[in-house]
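Participant: What follows is a structure written as structure tokens; I'll ask about it next.
The values are calculated or read from the model by the stated rules, or taken from the named source; none is laboratory data. If you're wondering where the values come from, they're calculated on a predicted model, not measured in any experiment. No Cβ is skipped: glycine too gets one built from the backbone with ideal geometry, and neighbour counts run over all protein chains shown. When the accessible area is computed, the model is the full protein with side chains, heavy atoms only, and any ligands, DNA or RNA have been set aside. Shrake-Rupley method; radii C 1.70, N 1.55, O 1.52, S 1.80 Å.
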Amino acid sequence: MDMPATKPDITKLCVNGQRLWDSLMELAQIGATEKGGVCRLTLTDLDKQGRDLVCAWAREAGMTVTIDRIGNGFMRRPGRNNALPPIVTGSHIDTQPTGGKFDGNYGVLAGIEVVRTLNDHGIETEAPIEVAFWTNEEGSRFVPVMMGSGVFAKAFTLEHAYAATDTEGKTVKGELERIGYVGEQVPGDHPIGAYFETHIEQGPVLEDHDKTIGVVTGVLGIRWYDCVVTGMEAHAGPTPMALRKDALQIATHLMQEVVACAHRHPPHGRGTVGMVQVHPNSRNVIPGRVKFSIDLRNASDALCDAMDADIRAVAAKLSAESGLPIEITPVSNYPAQPFHPDCIAAVQKAADALGYSNMPAVSGAGHDAVYMARLAPAGMIFIEAGCNVLLQAMLERAR
Ligand SMILES: [Zn+2]
């Protein structure tokens, strides 16, 4: 392709919002629920239909499609220099059983809209541009979550992912084969120059601050624990207050401290108790044993460590005062993942230049971008309306 004599001013380039919207609505019809959401679980017939449609759109836009062995898709628009690693964007198109139209789907279709826009204006980029869809981000049918990007980043093996089963005993491998999405490429055997992911915020912060764009600086580290407080079961009537070992009273005290601990580590500390089991769970028996979950999050591993030490110290004090044993067992640990300064800056610059109100944000939930950040400079864009920011941020890296 010959270079035009005068380059169009690409900093003023905008996507076709209506076309993006139309594509989102069309994809949302596959697995549409009566309540206006989408149920398109990974590796089902509906997922195949969704994948087929997205790949067809990519081919219409002149892209080539590569599928790897875990079913991740890479839709590629060549650049002037195809020896350069591609600038990649992407997300997932699988949903939760009660999923929405935008979670994940926006990130993939925004990428396709970026390519359509570049095509409309005949713009070539120096580096190739790719749009990825990652298999089984949601993890609702098969565990673990973020499966495709996790295999790609070698967080766990392909064999481990293949062997995962759903509640009917069907395997990832079998279902991938059934829908025809086992590709040739070895997962991870695919260069990435930089990675951007656009995603709905899944939280209230942008709206609360009346901002359009969240410039995501990183993803919170997550620590999960099981906590058991052991007391003594006894009859509610005959046992005087002074002679009780009431596990629930100590447990509720500690549960409040989980939340207080998060407040002691602002601004990104999070503390949640979401699951409680009381034994024997009987109206007229003093609880002898309480088991509950603890979910602690913060923006760095050091802050997660500090919250860990904080809650353990509180538990030790409560245990010493009450004489009741308290056991805190780690269940899982996802490190905090800061994004790359250059990618954060590209997103920030694009949002400012486009005149979108924006603020720095952290992601409290995991995304495929977490694994990509282990492999390449990565960044995320939280949206109310973010496709133009994606376009400009990708151009910043790809041109
Ligand atoms: Zn998502």
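Participant: Within region 25-39, restricting attention to residues that are of a type in the set (A, V, I, L, M, F, W, C) and open to solvent by less than 60 Å² (accessible area, probe 1.4 Å), which residue is farthest from M147 (Cα to Cα)? If you could, list the steps in order and put the result at the bottom.
Facilitator: Going residue by residue through region 25-39, those that are of a type in the set (A, V, I, L, M, F, W, C) are 25, 27-28, 30, 32, 38-39.
When the remaining residues are screened for being open to solvent by less than 60 Å² (accessible area, probe 1.4 Å), the result is 25, 27-28, 30, 38-39.
On the way: M25: 26, L27: 22, A28: 22, I30: 22, V38: 20, C39: 19 Å.
Going through the qualifying residues, I end up with M25.
Participant: From the residues in region 201-217 that are open to solvent by 40 Å² or more (accessible area, probe 1.4 Å) and under 11 Å from V362 (Cα atoms), which one is farthest from the ligand (Cβ to nearest atom)?
Facilitator: Top of the filtered list is T217.
Per-residue answers, yes or no, for (1) in contact with a Cys (Cβ under 7 Å, 6 or more places away or on another chain); (2) within 16 Å of the ligand (Cβ to nearest atom):
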| position | (1), (2) |
| --- | --- |
| N82 | no, no |
| E113 | yes, no |
| N119 | no, no |
| E124 | no, no |
| W134 | no, yes |
| E137 | no, yes |
| P144 | no, yes |
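Participant: Any residue in region 235-242 that is more than 30 Å from F133 (Cβ to Cβ) and open to solvent by less than 30 Å² (accessible area, probe 1.4 Å)?
Facilitator: Within region 235-242, one or more residues are more than 30 Å from F133 (Cβ to Cβ) and open to solvent by less than 30 Å² (accessible area, probe 1.4 Å).
Participant: Give me the pairs, please: first residue somewhere in region 183-200 and open to solvent by 10 Å² or more (accessible area, probe 1.4 Å), second residue anywhere and among the β-branched types (V, I, T) and within 16 Å of the ligand (Cβ to nearest atom), beta-carbon distance under 8 Å, and either six or more positions apart or on two chains.
Facilitator: Every condition considered, the pairs that remain are I200/I383.
Participant: Next question. Give the residue, chosen from V65, V54, that is crowded, with 19+ Cβ neighbours inside 10 Å and of a type in the set (A, V, I, L, M).
Facilitator: V54 is the lone residue from the list that is crowded, with 19+ Cβ neighbours inside 10 Å and of a type in the set (A, V, I, L, M).
To keep it simple, each residue is scored yes or no on (1) surrounded by fewer than 17 Cβ atoms within 10 Å (Cβ to Cβ); (2) at pLDDT 95 or above; (3) part of a helix (DSSP H, G or I); (4) touching a Ser or Thr at 6+ places or on another chain (Cβ under 9 Å).
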| residue | (1), (2), (3), (4) |
| --- | --- |
| S23 | no, yes, yes, no |
| L41 | no, yes, no, yes |
| R76 | no, yes, no, yes |
| V88 | no, yes, no, no |
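Participant: Hey, could you check region 345-378 for residues that are of a type in the set (G, A, S) and more than 16 Å from the ligand (Cβ to nearest atom) and say which is most open to solvent (accessible area, probe 1.4 Å)?
Facilitator: Checked region 345-378; the qualifying residue most open to solvent (accessible area, probe 1.4 Å) is A353.
Participant: Evaluate the following for V229: is it within 16 Å of the ligand (Cβ to nearest atom) and either without any contact (Cβ under 8 Å) to a residue 12 or more places away in the chain or buried (at least 21 other Cβ atoms within 10 Å of the Cβ) (or both)?
Facilitator: Judged against the criteria, V229 is not a match.
Participant: Out of region 139-182, which residues are open to solvent by less than 20 Å² (accessible area, probe 1.4 Å) and β-branched (V, I, T)?
Facilitator: Once the filter is applied, which keeps residues that are open to solvent by less than 20 Å² (accessible area, probe 1.4 Å) and β-branched (V, I, T), region 139-182 yields V151, V172, I179.
Participant: Further question: Need the failing condition index for A164 against (1) closer than 18 Å to Q337 by Cβ; (2) free of Cβ contacts under 8 Å to residues at least 60 places away in the same chain, just the number.
Facilitator: (1)
Participant: A further question on this structure: In this structure, is D342 farther than 26 Å from R270 by Cα, touching a Pro at 6+ places or on another chain (Cβ under 6 Å) and surrounded by fewer than 19 Cβ atoms within 10 Å (Cβ to Cβ)?
Facilitator: yes
Participant: What is the number of the single condition among (1) out of contact with any Asp or Glu (no Cβ under 8 Å at 6 or more places or on another chain); (2) open to solvent by less than 20 Å² (accessible area, probe 1.4 Å) that W134 does not meet?
Facilitator: Tallying (1) out of contact with any Asp or Glu (no Cβ under 8 Å at 6 or more places or on another chain); (2) open to solvent by less than 20 Å² (accessible area, probe 1.4 Å), W134 fails exactly one: (1).
Participant: Something else about it: Just one of D103, D68, D52, D47 is on the phi < 0 side of the Ramachandran plot and in contact with a Phe, Trp or Tyr (Cβ under 8 Å, 6 or more places away or on another chain); which is it?
Facilitator: When all the criteria are applied, what remains is D68.
Participant: Let me ask another. Can you find even one residue in region 258-273 that is hydroxyl-bearing (S, T, Y) and open to solvent by 10 Å² or more (accessible area, probe 1.4 Å)?
Facilitator: Looking through region 258-273, at least one residue is hydroxyl-bearing (S, T, Y) and open to solvent by 10 Å² or more (accessible area, probe 1.4 Å).
Participant: Here's something else I'd like to know. Got a sec? Which of G231, G271, G221 is over 30 Å from D52 (Cβ atoms) and within 18 Å of the chain's Cα centre (by Cα)?
Facilitator: Exactly one residue qualifies, and that residue is G221.
Participant: For region 296-399, which helices (runs of 4 or more DSSP H) that fit wholly inside it have 3 or more residues that are farther than 23 Å from F156 by Cα and free of Cβ contacts under 8 Å to residues at least 12 places away in the same chain?
Facilitator: 301-322, 341-353
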